[in-house]
Amino acid sequence: MSDKLEAGSIVEGKVIRVKPFGAIVAIEGAGQGLVHISQISSGFVKDINDFVKAGDIVKVKILSIDEESGKISLSMKEAAPKTASKENSRTRTNKNNFRRDTGSNDTESSGGPSDSFEDKMKEFLKASSEKQAVLNKRINKR
């Protein structure tokens, strides 16, 4: 079954079923393998159906092949092309690992993918302070 395939290879496969825990991918000449939900994308995957559906052709990296059971562990996130530089804000990766040009070198403050953790915390603290001020005004009016 795995004469041609070995761990570390990147191959194309067709998604044949999507389950809440992962996607079953058919690999030509090798049978089927599982892409666990944690291996779908480098970002958080709340609903796997937002990333893949039955019939999709996907690139996967073979993580392991269990010769006894015939199980093949696959990863889509490790097969995805790596971004050239984290500092290049013109090219971003969306949840489906497709690259797009945003046309901006600025850090966006819209809650978009370019916000750093610190930026998000500042926005949260600002919103929290504003809400607390409104609540304090209500209490003081009584």
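The values are calculated or read from the model by the stated rules, or taken from the named source; none is laboratory data. Worth saying up front: this structure is predicted, and the values here are computed from it rather than measured. We place every Cβ from the backbone using ideal geometry, glycine too, and count neighbours over all the protein chains shown.
Within segment 7-22, the only residue that satisfies the criterion of being of a type in the set (A, V, I, L, M), out of contact with any Gly (no Cβ under 9 Å at 6 or more places or on another chain) and under 23 Å from Lys46 (Cβ atoms) is Val18.
Residues being assigned by TED's automatic domain parsing to the domain that holds Ser69, outside any strand (DSSP E or B) and within 25 Å of Glu68 (Cβ to Cβ) are represented in segment 13-24 by at least one member.
For (1) of a type in the set (D, E, K, R); (2) more than 17 Å from the chain's Cα centre (by Cα); (3) at pLDDT below 85, each residue gets a yes or a no:
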{"position": "Lys53", "(1), (2), (3)": "yes, no, no"}
{"position": "Ile62", "(1), (2), (3)": "no, yes, no"}
{"position": "Glu78", "(1), (2), (3)": "yes, no, no"}
{"position": "Lys82", "(1), (2), (3)": "yes, no, yes"}
{"position": "Arg99", "(1), (2), (3)": "yes, no, yes"}
{"position": "Pro113", "(1), (2), (3)": "no, no, yes"}
{"position": "Arg142", "(1), (2), (3)": "yes, yes, yes"}
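The residue that is farthest from Ala79 (Cα to Cα), counting only those in segment 42-51 that are within 10 Å of the chain's Cα centre (by Cα) and exposed (fewer than 12 other Cβ atoms within 10 Å of the Cβ), is Lys46.
Residues of segment 115-125 being surrounded by 10 or more Cβ atoms within 10 Å (Cβ to Cβ), assigned to a helix (DSSP H, G or I) and free of Cβ contacts under 8 Å to residues at least 12 places away in the same chain, which ones? Once the filter is applied, which keeps residues that are surrounded by 10 or more Cβ atoms within 10 Å (Cβ to Cβ), assigned to a helix (DSSP H, G or I) and free of Cβ contacts under 8 Å to residues at least 12 places away in the same chain, segment 115-125 yields Lys120, Met121, Lys122, Phe124, Leu125.
Do you know which residues across segment 10-27 are loosely packed, with under 15 Cβ neighbours inside 10 Å and either over 16 Å from Ile48 (Cβ atoms) or aliphatic (A, V, I, L, M) (or both)? Working first, answer last.
Just the residues of segment 10-27 that are loosely packed, with under 15 Cβ neighbours inside 10 Å, to begin with: 10, 12, 16-17, 19-21, 26.
Ile10, Glu12, Ile16, Ala26 - these are the residues of segment 10-27 that are loosely packed, with under 15 Cβ neighbours inside 10 Å and either over 16 Å from Ile48 (Cβ atoms) or aliphatic (A, V, I, L, M) (or both).
Note on segment 1-25: residues that are under 16 Å from the mean Cα position of the chain (by Cα) and either on the phi > 0 side of the Ramachandran plot or among the small types (Gly, Ala, Ser) (or both) amount to 2. Applying the criterion of being in a strand (DSSP E or B) and under 17 Å from the mean Cα position of the chain (by Cα) to the residues of segment 26-41, the residue that is farthest from Ile65 (Cα to Cα) is His36.
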